[in-house]
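Just so it is clear, none of the values below were taken in a lab; they were calculated from the coordinates. Not measured: the values here are computed from a predicted model. No Cβ is skipped: glycine too gets one built from the backbone with ideal geometry, and neighbour counts run over all protein chains shown.
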There are 2 protein chains.
Amino acid sequence: MHVMIVGAAGMLGRKLALHLAQEGAVERLDLVDVVRPEGVAGAAEALVADIAAPGEAERLVARRPDLIFHLAAVVSGEAEADFEKGYRINLDGTRRLLEAVRREGERAPYRPRLVYASSIAVFGTPFPKRIGDTFFSTPRTSYGTQKAIGELLLADYARRGFLDGIGLRLPTVCIRPGTPNRAASGFFSNILREPLAGREAVLPVDEGVRHWHASPRAAVGFLVHAATLDLRLLEGRPNLTMPGLSATVAEQIAALRRVAGEGAVRLIRREPDPVIAAIVAGWPERFDAARAGRLGFKADASFDAIIEAHVEDELGGCLP
Amino acid sequence: MHVMIVGAAGMLGRKLALHLAQEGAVERLDLVDVVRPEGVAGAAEALVADIAAPGEAERLVARRPDLIFHLAAVVSGEAEADFEKGYRINLDGTRRLLEAVRREGERAPYRPRLVYASSIAVFGTPFPKRIGDTFFSTPRTSYGTQKAIGELLLADYARRGFLDGIGLRLPTVCIRPGTPNRAASGFFSNILREPLAGREAVLPVDEGVRHWHASPRAAVGFLVHAATLDLRLLEGRPNLTMPGLSATVAEQIAALRRVAGEGAVRLIRREPDPVIAAIVAGWPERFDAARAGRLGFKADASFDAIIEAHVEDELGGCLP
């Protein structure tokens, strides 16, 4: 099996590459990103490419991977700040990748599986209490618009038989490893990751704020499951809302207390930020991801489990 | 008021142009199409342009119309038969038009209203009994995919303030004037239009087939209403399923009998066509277009009224 990860230098791409390298079923692993993907092991090959640039997607697809994970994207905040860049990478990049696959198949039979990372940002307010599997996409950001367009393109290219496509609307990944970033969603991870490492974190919103989460492990699990799923089960609707854990900030903090004690909780500093609160108020709280559940995609069991997995994967099993 | 109709040579474009020319509120009327729009009256100017070709949309938008009707599209059958052409006209053409507006606004303040003709083809099977206003878009054709993408782009460009956008998902237009065409949906019109003119027509499906219709008058009415609607009422969800008349073929024929008598009905020849029956089985039957209704969009009152309007508009009020 020859696998290509486009967007391999991102958090999820790195974790997926590591998982695939350890699993051993992958004979060839192409790690593609605009910056050189680091820490490449074994059979993996690092490739620097911008899929939005003319000819680049063709060059990659000419390697004829059996399975392509398309994770490359400009994130929400950047796509909102730089209109043209967001459309160039998230829309044109995705379309060029799909077109490269179609054209490669014109030269000689070729029909790879393409797993597309979409996002719950395809949904926009107002929401029902639980967002069901047939709820419409009315994104309130350019990023969400670009992801929704990517889903439509994926579905049409799959329907036409140019590729075997599946799109996964990923929940917010929590706990995101690394350092605090300036994304509006950053605090969901910061208030757990930082105290777990003995550092202070800022909570800019009310504890009643509810959101839809998946751990990095769960997210990698979704991608891997999508890689082998019988796609006939999708019945021509290949884009799926992934299951997640709906939790309030208070529930996150309660889990932190159970796993790491009151000392960790005391490191969370309340600093209300009305700008962040307003952004977050427009985000979905809860989905009924019944279809994905039936298809075998598995959410995290609890926030305690999310925190424990983070301690295991990122902190070598140790609390400060 | 300076109005531009892009796709002015099509059936709806011609009827809209005629309506606007008669109404008198339009000072300047630009009629744009890839073929020269015919029968241009009064203040109207005919312009030949392919909005999908580089620079063409910019050239048009540089005229700075206050109101743009974007009706230009490759139809469903052609977009399915010619993948690249469908994407070029329906996706790239729409995007170039939106981009031209955005860039024109960068040069000097400019924010026209753009009324976009979308389609119920954005929906795909399986359907609920009535398709509600929050049902998702999972098109089963490339045309439907391209229209759904156009809707997403329109919404994002409107949200960003580059234009005032509204998208209308038009029902199947019935009775389509002209001659029988080879579109799979053609029979819905043929079985009324042809007998009304004393000619035979072929019915390829069962009389129980139900579909969602609007007369050319109603469709022009939607476009005109969208041109002056207070867009704040759209609350950031600018794409609307238009109201229509849900009718079975039997109900269409019963209306024909009432308006034109048994002699007309006898001109309908049953010739079952399993290919057309299979295509039509994938089409929506009925919508709950509550939002559009609340916003003042009006469907036809009955199929009798649709037939009577056709006799008035296309046959000079006379039956054979």
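Tabulated results
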| item | result |
| --- | --- |
| Of B:Lys85/B:Lys129; A:Lys147/B:Lys85; A:Lys298/B:Lys85, pairs whose Cα-Cα distance is over 29 Å | B:Lys85/B:Lys129; A:Lys298/B:Lys85 |
| B:Glu262 paired with B:Ala43, simple spin-label distance in nm, labels 7 Å along Cα-to-beta-carbon | 5.3 |
| Sites B:Asp82 and B:Lys298, calculated FRET efficiency, Cβ-Cβ separation with R0 45 Å, nearest 0.05 | 0.80 |
| Translational D in µm²/s for the protein assembly as shown (Stokes-Einstein at 37 °C, 0.692 mPa s, Kirkwood Rh from C-alpha pairs) | 124 |
| About the Cα centre, charge dipole magnitude for chain A (Lys/Arg +1, Asp/Glu -1 at Cβ), debye | 600 |
| Pseudo-label separations to other copies for A:Arg160 - Cα-to-Cβ vector, 7 Å, nm | 2.5 |
| Computed [θ] at 222 nm, helices only, for chain B once each DSSP H run of length n ≥ 4 contributes -39500 (n - 2.57) | -11500 deg cm²/dmol |
| Dipole magnitude of region A:1-126, debye to nearest 20 (Cβ charges: Lys/Arg +1, Asp/Glu -1, about Cα centre) | 340 |
| Charge-dipole axis of region A:229-297 as Lys and Arg at +1 and Asp and Glu at -1 on Cβ define it, positive-most pick from A:Val280, A:Met242, A:Ala254 | A:Ala254 |
| Positive-pole candidate from B:Gly105, B:Gly77, B:Gly132, dipole of region B:21-162, charges at beta carbon | B:Gly132 |
| Angle in degrees between helix B:94-107 and the longest Cα principal axis of chain B, rounded to the nearest 10 | 30 |
| Degrees between helix B:11-23 axis and first principal axis of chain B (Cα, 0 to 90, nearest 10) | 70 |
| Pairwise centroid distance, computed over Cα atoms, of region A:192-260 with region B:87-152, Å | 32 |
| For region B:48-151: relative contact order, % (alpha-carbon pairs under 8 angstrom, 6 or more apart) | 33 |
| Partner chain coverage, peptide B:156-165 - average Cβ within 10 angstrom | 3 |
| Dipole magnitude (debye, nearest 20) for the protein assembly as shown, charges at Cβ of Lys, Arg, Asp, Glu | 380 |
| Across the identical copies, how the B:Glu207 labels are spaced - nm, sorted shortest first, 7 Å along Cα→Cβ | 6.9 |
| Helix A:249-260 vs. chain A, principal-axis angle (Cα, 0 to 90°, nearest 10) | 80 |
| Among B:Gln146, B:Gln252, B:Gln22, residue whose mean-square fluctuation peaks in a GNM of chain B (springs only between Cα atoms under 10 Å) | B:Gln22 |
| Residue-wise HN-Hα coupling along region B:196-204, computed from phi with Karplus coefficients 6.51, -1.76, 1.60 (Hz; x: Gly, Pro) | 5, 9, x, 10, 5, 9, 9, 9, x |
| Shielding of B:149-155 by partner chains, average beta-carbon count, 10 Å | 6 |
| Relative packing of B:307-314, A:73-80, A:271-278, which averages over residues the other C-beta atoms within 10 Å, highest first | A:73-80, B:307-314, A:271-278 |
| Label spacing, shortest first and in nm, from A:Val48 to its equivalents in the remaining copies (7 angstrom along Cα→Cβ) | 4.9 |
